[in-house]
Structure formats: structure tokens, C-alpha cells
Ligand SMILES: [Zn+2]
């Protein structure tokens, strides 16, 4: 594993959910867990509401469905529901959309209810001051890691972009990760969310903010995802593969929340804001091209940058070969995306004429600041053309 730069001071900080509970069947403990925080729960679900029906009934809870990716408007409505029904705890069961929505609702319920006051980039970026309601996150996909992050990504119909509500106070009180909840995911969702998880392990590992604690999580997680994603895709009932992906996803969330992301997520933000494409599918389509652009730029302009050595380490973890070069890792991801039938960006209705505008927005995205080196406008344009 690459070592840190010698002779330079090191500073880092690591924050996560107060408590992480992991294990097959642990979802059964959710009613008791929710009751330990409050008497009236709002249960936020994805489109598949029935998944949480038993919990909602056993808690006598309010339920709130998030049919697509969460928006400012929806969070405003959810916060109103919490206040009208007098809820004192928020539980989210679902993919990243439901968890981000629940996280934002728990924060807005105690902070005045208007997300635009607090939203980065398009909003006023005010700091969240009041402690959110206790929030329990229960992921049903293995991809976003949102159960252990401090931000919620919200779309704004009015602005046509996505931006984050972010505060250390928004870290969930409990992350309850039960791999059994992912057994029923269809192959296409397994592929997209799984490649998002892999992206969220690769980008923090080469990030300018990487630290030894997140490095350990990334190295472990990349190895697990490399071995398990194909198996989970072909056989959704493969318990070992599902467990490995659940761990990889959790580790990706821990890593990104503390070390940041990079160019792939820099593009996914504006794309996801303007087109109705799942976040994971966008990251998957961009990942091999983001890696290729970074490796090429590092070789050309910064061959001494430790990120290059890290891309070699990634290639060795992915391919299982001790002599692999950085480029072999890119090839491995490219082949995996083809095998898992990841559609190119144009499949989501993005036109070639849209690309220059997307490049401009991606250049300003917060994830871009953690990329191992700044990429030029021309490099970004070539990257997105290759993913298109
Ligand atoms: Zn992601």
C-alpha cells in the first residue's frame, strides 16, 4: 500500500453515524430501536412502500413515500408532516433517495423547514444550528453509503441542479445495515448501485484529502466489491456476495464522508440535477473514463503525485494481479461496466450539445475539489464525450 508523503505533517478527522449496526436479520430490531428514540415516528420509504408496512403498523407511525430522487419541495412537505403529526423520530428505509430525504426532513423539522435557506450552491448555504430529530437510516440497496454521511443531496425543480444540505449534525443517530434487505434487488439496480459503491471507494482513496483511516476502509472495500459485484449481479440470492457488497457500500460511505470524492461525482451532480437518471447509473457510466482521465493527466503533468501509485494499488486489488498497472484497473472497470450492461450517458436523453454546459457546471461542483489534480476544461470535455 502506498505510504503518506514523508516529512509533511498530517491532520485528519473522522466522523460518522453515532452507532452502526450490521448483520443479516438485524432489520427486525428496528421497531424497538425507533421506540428508544421517541414515541411517534415518521417512516420515510422509497417507491416500494410495502417494504416498510410492517414497521409502520407496529410503530403506529406516519409514513412518507419518496417516489424518485428527493427534492427541496418534497423535503419541505416532509418537515411539515413531522410537525403536524408531532413526530419525534425519523426512520428512512430505502435507497439513497429515501435516506437522503429522511435525513433532510429530520434536519428541517427542527430548523424552520425551508431547505433553500441551508442548501449549498443554489441556496443561501446557512449553517444548520438546531440538532435534527433523531434519525435512523436503513439502506435497502448496497450503493450510496448515505446511512453514514452528513449530507443529503436534493434536487430543485426551480434551479435544475442538485445540491447538498450538509452538517455534521446531520450524521444519522443509527445506521442499520441488514444485507438481507438487498436480496430482492433486480440486476440492473445491483449493477448501478454496486458501481456507485466502487466509485465511492476509489475516489476517496485517490482524493487530495485521503487519510490513513479512510485508506484502510477503501483498500478493504475495493477488494470486497471486486470479488462480489459480478456474483451479486448474476445471483441476487448469493448471501455472501450481498454481504460483501453491503460492507463495501458502508465503507464507501464512511470514506467519502471523511475524504471527499472526485471527478466522477463532480459530473454526476449536474447530470443528476438536469436528467432523470439514477445517481448510481451515472457514476457507473462515468467511472472508467474518470479513472482514465485522471491517470493520463497524472502521467502527463504530475508523475510524482502519490495518487498515481494509488491507481496502481487499485488495479492490483481489482484484478488480483501483483504486476497490474494503473491502466489495467481502468480496463477491468471498463469490462465490468460492459458485462453489467451499464448504459452510456446518451441513453438518459443527454444530447451531445448539452455536454459543454455540463462540463462548465462540473468544474464548479464541490466533489471536484477533492480530485487528485485539477483537470483542464479540455480534459473534462474529452472525459464526458467518452462516457456519452
Ligand atoms: Zn455516488
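Overview of values
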item: Solution diffusion estimate, µm²/s, Stokes-Einstein, the stretch 232-388, Kirkwood Rh from C-alpha pairs, 20 °C, viscosity 1.002 mPa s; result: 130
item: Between 0 and 90°, nearest 10: helix 187-206 axis offset from the chain longest Cα axis; result: 60
item: Relative packing of 368-375, 32-39, which averages over residues the other C-beta atoms within 10 Å, highest first; result: 368-375, 32-39
item: Quotient of Cα Rg and 2.2 N^0.38 Å for the stretch 6-129, N being how many residues it contains; result: 1.20
item: The chain: calculated mean residue ellipticity at 222 nm from DSSP helix runs of at least 4, using -39500 (n - 2.57); result: -15500 deg cm²/dmol
item: Isotropic mean projected area of the C-alpha convex hull, the stretch 347-388 (nm²); result: 3.1
item: Coordinate range along principal axes, alpha carbons of the chain, Å, largest first; result: 59, 46, 43
item: Rel. contact order, % - alpha carbon contacts under 8 angstrom, at least six apart, the stretch 146-218; result: 21
item: Among 178, 323, 88, residue whose mean-square fluctuation peaks in a GNM of the chain (springs only between Cα atoms under 10 Å); result: 323
item: DSSP bridge orientation in the chain - percent antiparallel, rounded to nearest 5; result: 20
item: Spread of Cα-to-Cα distances over 10 Å intervals beginning at zero, given as percent, for the stretch 317-376; result: 17, 28, 43, 12, 1
item: Highest-fluctuation residue, 279, 265, 11 considered, GNM on the chain with Cα pairs under 10 Å; result: 11
item: Per-pair calculated FRET efficiency, R0 = 51 Å: residue 84 and residue 369 via Cβ, rounded to 0.05; result: 0.85
item: Computed over the chain: relative contact order in percent, which uses C-alpha pairs under 8 Å that are six or more apart; result: 15
item: Between 0 and 90°, nearest 10: helix 355-364 axis offset from the chain longest Cα axis; result: 70
item: Burial order of peptide ranges 57-67, 213-223, 254-264 (average beta-carbon count within 10 Å, highest first); result: 254-264, 213-223, 57-67
item: Per residue Cα convex hull volume in Å³ - calculated over the stretch 48-190; result: 103
item: Over 15 Å [Cα-Cα, the stretch 99-156], rounded percent; result: 48
item: Most mobile listed residue (329, 273, 357) in the chain, GNM with C-alpha springs under 10 Å; result: 357
item: Degrees between helix 263-274 axis and first principal axis of the chain (Cα, 0 to 90, nearest 10); result: 50
item: Projected area, mean over directions - the stretch 21-60, Cα convex hull, nm²; result: 3.1
item: Mean-position separation - Cα centroids, the stretch 36-72 and the stretch 242-290, in angstrom; result: 25
item: Centre separation in Å (Cα based) which lies between the stretch 89-118 and the stretch 126-178; result: 7
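The numbers here are math on the coordinates, done by the rules we state, and not lab data. This one's a predicted model, so the numbers in the text were calculated from it and none came from an experiment. Cβ atoms come from the backbone with ideal geometry, glycine included; neighbour counts cover every protein chain shown.
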